[in-house]
Amino acid sequence: MAKRDTCVCNDVPFSPLNKRNNPSLLLSRISENSTEDSDFNLVIDVCKTFREACLSYLPGHVRKVDAAILTHSHMDAIGGLDELREVQIRGSSIDLYMDDKTKKTVSQAFPYLFPTEPSQLYVAKVQPKNIQPFKPLFIQDLVITPIPMWHGAVTCLGFVIRQTGADSQFVYFSDFRCQSSQPPEEFPPPDRYGNVVPHVLERDIEGFSLFVDPKQSLEILKSFPISVMILDCIDWGRERHHISHASFVENVGLIRCFRKNGVEPGQIYFTGMGCTMDHEVVIQESTAEFGDTKVAPAYDGQKLNL
């Protein structure tokens, strides 16, 4: 078997930092009066490996999940919905925020989550809530603005999150790729998987073609200083290009364009990295590109104070 024909490979050294589940984010609030449990927990994407991630990394103070948001309808974002039953209070339901396209897929894949009559099955109970692009969600004391992004031929939602009264915001862009303007006559030959993937050109990055609506998206990003931004980064992008995910090379250009246009997060983390990306090498390459440690790889179980 040729090297990298599977993701069970030895391209990178064995390290806990290189063991990665599907991307998922937990926002947990611990009130000043609480010494043990968090009083509100929101998860973004309930991934295929949600159960394993909970068993491995869920902090001890998290005993329940109160709400969930889905970025898009692919299984790496919705495949663990059945496991929500393990993190909800018996007899309660979890608010599940998603757009219409994602709800259609979820209802087909998990019809028992939307019962039309009483059931004795031990399954998750969810209360569907609708998401509209650019229309803020008000969940507890959070203002969460959905930004539609291109994820190959489909769209995915990124989120700009701010606590009411806070003077900074947090950005989560887990699945995107800039739309390519490369002319068909200049398309590269098919890769070894048979895919013809146009290259993302410099003008595509400069035009912020990752966004469905670049102008409105940039206005939201510049509305408050960004403390942390999380970006999709599946591979290096030097040998082949992924059809629906951003690469390290693409992100380097994108971060520079963000900074040039007044969007300069205090810290940027990469997520969704594939098995060719060694954590320590990503740190080295990021430092070499930007001259500081403000751009770095995330890792499973990482905790941030926002």
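The values are calculated or read from the model by the stated rules, or taken from the named source; none is laboratory data. It should be emphasised that the depicted structure is a prediction, and the values quoted were computed from it without experimental measurement. Heads up, the Cβs are rebuilt from the backbone with ideal geometry, glycines too, and the neighbour counts pull from every protein chain shown. These area figures cover heavy atoms from the full protein model, side chains too; ligands, DNA and RNA do not enter into them. Shrake-Rupley method; radii C 1.70, N 1.55, O 1.52, S 1.80 Å.
Would you pick out the residues in the range 54-75 that are open to solvent by 40 Å² or more (accessible area, probe 1.4 Å) and part of a helix (DSSP H, G or I)? Give the derivation first.
Of the range 54-75, the ones open to solvent by 40 Å² or more (accessible area, probe 1.4 Å) are 55-58, 60-61, 63-64, 66, 74-75.
Hits for the range 54-75 are Leu55, Ser56, Tyr57, Met75.
Between a residue in the range 75-98 that is among the polar types (S, T, N, Q) and any residue that is buried (at least 17 other Cβ atoms within 10 Å of the Cβ), which pairs come within a Cβ distance under 8 Å, given they are 6 or more apart or on different chains?
Final answer for the pair search is Gln88/Val65; Gln88/Ile94; Gln88/Ala124; Gln88/Lys125; Ser92/Lys125; Ser93/Lys125; Ser93/Val126.
If we keep just the residues of the range 269-289 that are open to solvent by 30 Å² or more (accessible area, probe 1.4 Å) and over 24 Å from Ala77 (Cβ atoms), which is farthest from the chain's Cα centre (by Cα)?
This residue is Ala288.
Just to be sure before I move on: is Cys47 open to solvent by less than 80 Å² (accessible area, probe 1.4 Å) and either in a helix (DSSP H, G or I) or among the aromatic types (Phe, Trp, Tyr) (or both) in the structure I sent? Lay out the reasoning, then the answer.
Working: open to solvent by less than 80 Å² (accessible area, probe 1.4 Å): yes; either in a helix (DSSP H, G or I) or among the aromatic types (Phe, Trp, Tyr) (or both): no.
For Cys47, the condition - open to solvent by less than 80 Å² (accessible area, probe 1.4 Å) and either in a helix (DSSP H, G or I) or among the aromatic types (Phe, Trp, Tyr) (or both) - is not met.
Name every residue in the range 155-174 that is assigned to a loop (DSSP other than H, G, I, E, B) and either touching a Leu at 6+ places or on another chain (Cβ under 6 Å) or open to solvent by 10 Å² or more (accessible area, probe 1.4 Å) (or both), in order of residue number. Steps first, answer last, please.
Narrowing the range 155-174 to residues assigned to a loop (DSSP other than H, G, I, E, B): 164-168, 174.
Listed by number, the residues that qualify are Thr164, Gly165, Ala166, Asp167, Ser168.
Which residues, counting only those in the range 144-154, are farther than 16 Å from Gln216 by Cα and open to solvent by 30 Å² or more (accessible area, probe 1.4 Å)?
Once the filter is applied, which keeps residues that are farther than 16 Å from Gln216 by Cα and open to solvent by 30 Å² or more (accessible area, probe 1.4 Å), the range 144-154 yields Ala153, Val154.
For Tyr122, state whether it is free of Cβ contacts under 8 Å to residues at least 40 places away in the same chain and assigned to a loop (DSSP other than H, G, I, E, B). Steps first, please.
Details: free of Cβ contacts under 8 Å to residues at least 40 places away in the same chain: yes; assigned to a loop (DSSP other than H, G, I, E, B): yes.
In short, yes.
Within the range 85-101, how many residues turn out to be farther than 25 Å from Ile147 by Cα, of a type in the set (A, V, I, L, M) and open to solvent by less than 40 Å² (accessible area, probe 1.4 Å)? Working first, answer last.
Of the range 85-101, the ones farther than 25 Å from Ile147 by Cα are 85-93.
Checking the rest, the ones that are also of a type in the set (A, V, I, L, M) come to 87, 89.
Still in the running and open to solvent by less than 40 Å² (accessible area, probe 1.4 Å): 87.
Number of matching residues: 1.
Select from the range 208-232 the residues that are assigned to a loop (DSSP other than H, G, I, E, B) and either more than 17 Å from Val263 (Cβ to Cβ) or open to solvent by 40 Å² or more (accessible area, probe 1.4 Å) (or both) and list them in ascending order.
Looking only at the range 208-232, we keep the residues that are assigned to a loop (DSSP other than H, G, I, E, B), and these are 208-210, 212-213, 222-225.
Listed by number, the residues that qualify are Val212, Asp213, Lys222, Ser223, Phe224, Pro225.
Of all residues in the range 116-142 being under 20 Å from Asp66 (Cα atoms) and among the aromatic types (Phe, Trp, Tyr), which is surrounded by the most Cβ atoms within 10 Å (Cβ to Cβ)? Give the steps one after another, and end with the answer.
Our first condition is that a residue be under 20 Å from Asp66 (Cα atoms); within the range 116-142, this holds for 122-131, 136-142.
Narrowing further to those that are among the aromatic types (Phe, Trp, Tyr): 122, 138.
On the way: Tyr122: 7, Phe138: 9.
Here the residue is Phe138.
How many residues does the range 210-255 hold that are more than 17 Å from Arg177 (Cβ to Cβ) and of a type in the set (Lys, Arg)?
If we filter the range 210-255 for residues that are more than 17 Å from Arg177 (Cβ to Cβ), which is where we start, we get 215-216, 218-228.
Next, from what is left, pick out any that are of a type in the set (Lys, Arg): 215, 222.
Matching residues across the range 210-255 total 2.
With the condition kept exactly as written, say whether any residue in the range 134-153 is without any contact (Cβ under 8 Å) to a residue 60 or more places away in the chain, of a type in the set (Val, Ile, Thr) and farther than 17 Å from His74 by Cβ.
yes
If I go through the range 242-268 residue by residue, how many of them are within 19 Å of the chain's Cα centre (by Cα) and farther than 21 Å from Ser168 by Cβ?
Within the range 242-268, residues that are within 19 Å of the chain's Cα centre (by Cα) and farther than 21 Å from Ser168 by Cβ number 11.
Given the conditions (1) without any contact (Cβ under 8 Å) to a residue 60 or more places away in the chain; (2) buried (at least 16 other Cβ atoms within 10 Å of the Cβ); (3) not in a loop (DSSP other than H, G, I, E, B), which single one is not true for Gln179?
Status for Gln179: all satisfied but (3).
Return yes when Gly266 is within 24 Å of Leu221 (Cα to Cα), surrounded by fewer than 17 Cβ atoms within 10 Å (Cβ to Cβ), of a type in the set (Gly, Ala, Ser) and at pLDDT 95 or above and no when it is not. Quick ask: steps written out before the conclusion?
On the way: within 24 Å of Leu221 (Cα to Cα): yes; surrounded by fewer than 17 Cβ atoms within 10 Å (Cβ to Cβ): yes; of a type in the set (Gly, Ala, Ser): yes; at pLDDT 95 or above: yes.
Answer is yes for this residue.
Looking at (1) open to solvent by less than 30 Å² (accessible area, probe 1.4 Å); (2) modelled with pLDDT of 90 or more, which one does Leu113 not meet, given that it meets all the others?
The one condition Leu113 does not meet is (2).
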